[in-house]
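The values are calculated or read from the model by the stated rules, or taken from the named source; none is laboratory data. On a predicted model such as this, the values are computed, not experimentally measured, just so you know. Backbone-built Cβ (ideal geometry, glycine too); neighbour counts: all protein chains shown.
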Amino acid sequence: MSIGTTYLQSVILRLETNKKLGTTTITRLDAAQLHWQPDGTSNSIAHIIKHLHGNMLSRWTDFLTTDGEKSGRHRDLEFENDQLTKEQLLELWETGWQCMLSAIGSLEEADLEKTVYVRSEAHSVIDAINRQLAHVPYHIGQIVYVGKMILQGNWESLSIPKGQSEAFNKAKTGR
């Protein structure tokens, strides 16, 4: 397998892992919790979902042929309060992820050296992907952190729970 193919497979795996963390957190919450703002002004999970949706559609629609900042995107509206239902937010979530993962999944090794544009700034395809690999997990971390704040003692760990690293490692390695 070539390094380019290996890279693209790794990108998809990392993004799917992040999607699962976000999806698990989102599904644990109700609509009111998704709209909750930690200090009354910070972004709610709903804002972050809308922002990721807008970003993913803008960046990954016609990825190789058009600028990644589409003229129809209204980024500032992604951070406005609204009363979207949980179902509507989940639809935005899935639509954004589907667009991005499909676009990346359709890339071939030869595409990695091509040039794409984001806000008229040239990027190699690899750099545009890496830019997304920095942006998406940043926001997934916010979603998880706010979810933990909301659920507090009812939070179920998405990875190894505190105090259980040794037991986890022992179970994995047998030592």
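Figures for the structure shown
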| quantity | calculated |
| --- | --- |
| Any pair with Cβ under 9 angstrom, 6 or more apart, that starts in the stretch 84-105 at a residue that is under 20 Å from Arg59 (Cα atoms) and ends at one that is aliphatic (A, V, I, L, M) and surrounded by fewer than 17 Cβ atoms within 10 Å (Cβ to Cβ) | Leu89/Ala31; Leu101/Ile12; Ala103/Leu64; Ile104/Ile12; Gly105/Ile12 |
| Top-ranked residue of the stretch 107-133 - restricted to ones that are without any contact (Cβ under 8 Å) to a residue 40 or more places away in the chain and among the hydroxyl-bearing types (Ser, Thr, Tyr), ranked as surrounded by the most Cβ atoms within 10 Å (Cβ to Cβ) | Ser124 |
| Count of the stretch 96-106 residues which are loosely packed, with under 15 Cβ neighbours inside 10 Å and touching a Leu at 6+ places or on another chain (Cβ under 7 Å) | 0 |
| Test set (1) in contact (Cβ under 8 Å) with a residue 12 or more places away in the chain; (2) more than 19 Å from Arg119 (Cα to Cα); (3) of a type in the set (A, V, I, L, M, F, W, C) - Met1 fails condition number | (1) |
| Some residue of the stretch 63-73 being out of contact with any helix residue (DSSP H, G or I) (no Cβ under 8 Å at 6 or more places or on another chain), over 18 Å from Leu151 (Cα atoms), outside any helix (DSSP H, G or I) and of a type in the set (Val, Ile, Thr) | yes |
| Complete set of residues in the stretch 13-33 that are surrounded by 15 or more Cβ atoms within 10 Å (Cβ to Cβ) and closer than 20 Å to Met56 by Cα | Leu15, Asn18, Lys19, Leu21, Gly22, Thr23, Thr25, Ile26 |
| Cβ-Cβ under 7 Å pairs, at least 6 apart or on other chains, the stretch 45-61 side free of Cβ contacts under 8 Å to residues at least 60 places away in the same chain, far side among the charged types (D, E, K, R) and part of a helix (DSSP H, G or I) | His47/Glu78; Lys50/Glu78; Gly54/Arg75; Gly54/Glu78 |
| Complete set of residues in the stretch 112-170 that are β-branched (Val, Ile, Thr), at pLDDT 95 or above and not in a helix (DSSP H, G or I) | Thr115, Val116, Val118 |
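Conditions tested, residue by residue: (1) at pLDDT below 95; (2) of a type outside the set (D, E, K, R); (3) outside any helix (DSSP H, G or I).
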| residue | (1), (2), (3) |
| --- | --- |
| Leu13 | no, yes, no |
| Lys20 | no, no, no |
| Thr25 | no, yes, no |
| Leu34 | no, yes, no |
| Gln37 | no, yes, yes |
| Gly40 | yes, yes, yes |
| Lys50 | no, no, no |
| Met56 | no, yes, no |
| Arg59 | no, no, no |
